[in-house]
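What follows is a structure written as structure tokens; I'll ask about it next.
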Amino acid sequence: IERSVDLAKSEIQAEEDRKVFAVMDALAADATNPNPALAVTGNLTANSLADAVANVERTDLRVASVFLNAKDFADLRKWDRDSLDIETQAQLLKTGLMGTIWGAKLIVSRIVPEGTVYVCGEPEFFGRIPVRTELTVLSADDPKNRLIGFSIFENIGIGAYNPYALQVINITRV
């Protein structure tokens, strides 16, 4: 029973992520967006990621998070010593993971479409996720039919109000 509840919560959180990335896509696609998407052919390079970070930071915003798919994260693992400092190389070699780059947190998500990287500024200058109802689990048992059930829900809003705090990279693999 507990596993079912955990799986349901996980799916709700995945749907929440889909909606957040859809808002980011809408913000990036807006004709008035000051940071049009960067197009990269081949692999994600240090130069293209540095350009994306610079586009956000040029307006005095600090990049806090970089969201990417596991396939695109694999490109970072292929960077050589000319792209990564010694400490990051050691961390990558020991754990296979890189938690931050240039002060920004790297977040790998299966929800991010392959070939898309989101470079985001600090949350307080980018957007909000107001929560009206926290993730709630209610029992929906039907003892008459010997069924155990749950109703799991939340009520949130998603808003991104600063297009300067977002830079999208679109990667085309050849």
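The values are calculated or read from the model by the stated rules, or taken from the named source; none is laboratory data. Model, not experiment: these values are computed from the prediction. Heads up, the Cβs are rebuilt from the backbone with ideal geometry, glycines too, and the neighbour counts pull from every protein chain shown. Accessible surface is based on the protein model in full, side chains and every heavy atom, while ligands, DNA and RNA are left aside. Shrake-Rupley method; radii C 1.70, N 1.55, O 1.52, S 1.80 Å.
Which entry in (1) 19.3, 67; (2) 15.6, 46; (3) 26.6, 120 is this structure's computed Rg and Dmax of the Cα atoms in Å?
(1)
With viscosity set to 1.567 mPa s at 4 °C, what whole-number translational diffusion coefficient in µm²/s follows for the range 124-174 from Stokes-Einstein and a Kirkwood radius over Cα pairs? Present the calculation step by step, with values, prior to reporting the outcome.
Numbers: Rh = 15.0 Å.
The calculation lands on 86 µm²/s.
How big is the antiparallel share of DSSP beta bridges in the chain, given as a percent to the nearest 5? Could you put the intermediate results ahead of the total?
Numbers: 21 of 29 bridges.
Just about 70 percent of them are antiparallel.
Working from Cα positions, state the angle (0 to 90°, nearest 10) between the long axis of helix 86-95 and the longest principal axis of the chain.
Relative to the chain, helix 86-95 is tipped by roughly 40 degrees.
If you don't mind, there's one more thing I want to ask. Subtracting the Cα-Cα distance from 0.36 nm times the residue separation, let me have the gained length for Asn47 to Ile156 in nm, one decimal. Mind dumping the intermediate values first?
Working: separation 109, 0.36 × 109 = 39.24 nm, distance 3.66 nm.
Fully extending the segment from Asn47 to Ile156 adds 35.6 nm.
Considering the options Trp79, Ser139, Ile156, tell which one lies farthest towards the positive end of the dipole of the chain, charges being +1 on Lys and Arg and -1 on Asp and Glu at the Cβ, about the Cα centre.
Going by the Cα projections, it comes out as Ser139.
Express the carbon and sulfur contribution to the solvent-accessible surface of the chain as a percent, rounded to the nearest whole number, probe 1.4 angstrom. Can you show the working numbers first?
Values: 5550 of 10570 Å².
C and S fraction of accessible area: 53 percent.
Here's something else I'd like to know. Once fully extended, how much extra length lies between Ala140 and Arg18, figured as 0.36 nm per residue of separation less the alpha-carbon to alpha-carbon distance? Please report the intermediate quantities before stating the final value.
On the way: separation 122, 0.36 × 122 = 43.92 nm, distance 2.67 nm.
Here the answer is 41.3 nm.
Could you provide, to the nearest whole Å², the per residue accessible area of the range 29-75 with probe 1.4 Å?
Working: 2220 Å² over 47 residues.
Per residue, the range 29-75 has an accessible area of 47 Å².
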